[in-house]
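Undergrad: Handing you a structure now.
Rule-based calculations on the coordinates, nothing more; no lab input. Computed from a predicted model, the values in this text were never measured in an experiment. Note: ideal-geometry Cβ built from the backbone for every residue, glycine included; neighbour counts use all protein chains shown.
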Amino acid sequence: MCGILFELSHAADSSSPSVSGALVDNVGRRGPDSLRTVEVTVSSSLRLKFTASVLSLRGTAVVPQPLSAPSSNRDDVTQHEAPEYVLCWNGEAWRFDGQEFPADENDTQLIFQKLSSCDGRVQDVLQLVEGPFAFVFYDGPRKRIWFGRDWLGRRSLLFKKLTAASSGIAICSISGTEETSQWDEVEADGFYFIDLEEIETDRSVDELQNHTLHKVAFVTQIEYKSMDCKSPCMKLPIPQLCKMVPSSELSSLTPDSPSVTRLYDLLHDSLRLRVQNIPLHSVPSVPGHTGSSRPSKVGVLFSGGVDCTMLARIAHDILPIDEPIELLNVAFENKRVIDAAIAEAKKSKKLKKAKSTEEAEPRPEDRSEDVASASKSDHNIYDICPDRQTGRKSWRELQRVCPNRDWRFQEINVPYEQVLKHKQTVIALLHPHDTEMDLSIGLAFYFASRPLEADSPRTLLSGLGADELFGGYARHGTAFNRAGYPSLIDELELDITRLGKRNLGRDDRIIANWGREARFPFLDERLLREVISWPVSDKCGFGAVGTDQDWDILDNEKKVLRLLAWKLGMKDVAGEKKRAIQFGARTAKMEATKGGKVKGTQKISLNASY
């Protein structure tokens with residue numbers, strides 16, 4: 001993985017940089033193992049500047065970026081000639097053309113070799129990659145700058161909008177703190193290129209507009225078959241969602257259903273690629289940390305829910321038993337919740353004095369007196385966070401089911417003052433996402449992924465994608481109750497199509513800021529291809545006739561995943577309710593505002609103390 005920064009300007013403007021030094025520093029934070037720059041002058045008029053940092057998690061040694069080389073068709077190039085090919089690659093190619101990479105190979109080097117010899121057919125090479133990536137590639141012989149993200153948008157890439165004050169074009173993994181409004185997210189709808197020959201020598205780079213960007217678009221498999229083979233497009237690697245409506249006589253899923261068994265195989269294969277063969281050079285060397293105190297190679301962003309706990313459980317089946325697995329659990333001091341609870345507790349005591357009748361049972365989400373009592377102890381403030389309680393419960397079940405593994409439950413406690421201190425940094429990393437919900441989720445991931453110690457793992461597993469694939473949100477049940485299976489299927493299709501735009505680029509910017517890489521086993525291409533082709537009745541439990549078995553008590557949302565947990569002996573985890581991270585960690589609505597409640601869709605208030 002790496003941080004990418006590309007700048008295009010006229011050579012005459014080279015004395016005035018188009019980006020700030022702070023932005024270069026932030027790119028360096030994404031890749032602490034290497035940071036370097038390659039410059040190319042095109043036709044003595046255009047200056048191309050490529051900067052990349054590297055977080056080395058593949059192969060046997062660090063491979064600095066950008067990679068550069070002369071034309072493969074020439075043997076008379078001197079050592080000092082400008083490179084004719086340059087690549088900045090922020091990705092993990094788990095497979096190329098259907099084949100897995102050997103453990104001792106670096107995917108960046110192979111991709112660069114393929115791109116440098118593809119005769120300009122960049123899309124043909126990148127379409128063979130299975131895995132997340134963002135890239136910038138200079139094809140010197142054809143004078144083109146290619147850039148883009150994978151079809152799901154699993155890695156961040158931003159394009160600097162042009163303004164009157166701009167001195168050129170910039171493409172970067174993140175935006176600058178002082179210039180966020182100038183950056184837009186590169187859409188994950190195809191690969192783009194700039195034809196440098198279209199930029200005349202006497203034309204200002206500032207005049208470049210969107211119409212100068214060319215695109216080779218992703219299209220569905222059905223659309224691809226109907227298009228002229230000469231059309232510049234690429235076929236999406238997954239089929240359209242199965243829209244078969246189940247019959248009214250639908251049997252309930254069981255732990256032995258074929259989809260439950262198959263899901264384990266798919267997750268095992270996906271996790272195997274993502275947790276095996278993490279090189280030793282990527283694990284920080286800390287004196288004395290051997291044996292029982294050896295560093296972890298893998299961590300899990302761990303709320304205790306069924307998604308992340310299943311990743312931890314199946315990773316246990318893959319990793320050597322002497323390798324510890326970290327479970328990163330974050331909890332926040334939410335001043336709004338505590339202040340409201342104290343006020344409610346005082347009100348409740350007054351009512352108790354005035355009434356002799358027994359007080360009604362408090363709502364689970366309120367628990368005012370518990371929260372008010374907890375506010376007297378800093379430690380208890382975090383103990384009562386829903387995700388802390390669920391996390392400990394699931395951790396204990398992992399210890400019971402897999403007793404020989406060193407499960408390292410990391411309690412990450414975030415005081416309110418820390419939120420205030422880091423808020424502006426998180427807002428800058430979120431950009432161009434800018435809602436209160438983005439901030440709530442961003443804060444949770446920002447602190448959950450912040451290294452606690454020098455030997456913290458660089459590879460973090462995330463359960464993102466499970467809710468979209470298996471119908472895990474409450475609104476999926478609402479859709480089914482409203483209009484049956486057709487409505488549920490439409491809701492699932494909407495979630496899958498907007499997954500990258502809503503979440504993935506944002507989360508990459510947040511987590512990679514700490515020199516760590518998030519990996520998403522539920523978003524593996526092969527898993528996606530198969531699960532999307534399943535009928536909805538193989539994934540959810542809505543509308544099915546029960547069998548009077550113990551597992552019928554499980555929620556209908558993500559029923560296939562819950563049954564897998566049940567089958568693996570984790571019955572408590574199987575029954576855990578879905579809870580969004582901003583509510584489980586208590587980053588949502590950290591402070592009450594004047595004039596009513598704050599909605600997640602509202603724009604972030606920059607002036608609020610928060």
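Undergrad: Assuming R0 = 30 Å, what is the FRET efficiency of residue 317 and residue 577, from their Cβ-Cβ distance, to the nearest 0.05?
TA: The computed FRET efficiency comes out at 0.70.
Undergrad: Pulled fully out, how much extra length does the chain show between residue 265 and residue 197, if you take 0.36 nm times their separation in residues and subtract their Cα-Cα distance?
TA: 19.5 nm
Undergrad: Among 559, 49, which comes first, second and so on when ranked by fewest other beta-carbon atoms within 10 Å?
TA: Ranking 559, 49 by Cβ neighbours within 10 Å, fewest first, gives 49, 559.
Undergrad: Could you work out how much longer the chain between residue 396 and residue 478 gets when fully extended? Use 0.36 nm per residue separation minus the Cα distance between them, nm to one decimal.
TA: 26.2 nm
Undergrad: Also: What is the sum of charges, Lys and Arg at +1 and Asp and Glu at -1, for the other residues whose Cβ falls under 11 Å from the Cβ of residue 601?
TA: Here the charged neighbours net out to -1.
Undergrad: Also, quick follow-up: Would you mind counting up the charge near residue 239? Only other residues with Cβ under 13 Å from its Cβ, with Lys and Arg at +1 and Asp and Glu at -1.
TA: Computed value for this residue: +1.
Undergrad: What is the list of residues in segment 110-126 whose amide nitrogen lies under 13 Å from a point 7 angstrom out from the Cα of residue 224, following Cα to Cβ?
TA: Of the residues in segment 110-126, 123-126 have backbone N under 13 Å from the label point off residue 224.
Undergrad: Another question, then. Could you calculate the FRET efficiency of residue 189 with residue 36 from 1/(1 + (r/R0)^6), where r is the beta carbon distance between them and R0 is 30 Å, rounded to 0.05?
TA: The pair residue 189/residue 36 has a calculated efficiency of 0.45.
Undergrad: Pop the C-beta distance of residue 487 and residue 247 into the FRET formula with R0 = 30 Å and round what comes out to the nearest 0.05.
TA: E(calc), rounded to 0.05, equals 0.95.
Undergrad: Fewest first, what order do 54, 62 take by the number of other Cβ atoms within 10 Å?
TA: Sorted ascending by nearby Cβ count, the order is 62, 54.
Undergrad: Still on this model: Could you work out the local net charge near residue 561, counting Lys and Arg as +1, Asp and Glu as -1, over the other residues with Cβ closer than 10 Å to its Cβ?
TA: Local net charge: +1.
Undergrad: Would you mind checking segment 229-266 for residues with the amide N under 13 Å from a putative spin-label position 7 Å along Cα→C-beta of residue 552?
TA: 251-254, by backbone N distance to the label point.
Undergrad: Okay, moving on. Provide 567, 603, 235 in ascending order of the number of other Cβ atoms located within 10 Å of each residue's Cβ, fewest first.
TA: 603, 235, 567
Undergrad: Calculate, in nm to one decimal, what residue 452 and residue 240 gain on full extension: separation in residues at 0.36 nm each, minus their alpha carbon distance.
TA: 72.1 nm is the gain from fully extending residue 452 to residue 240.
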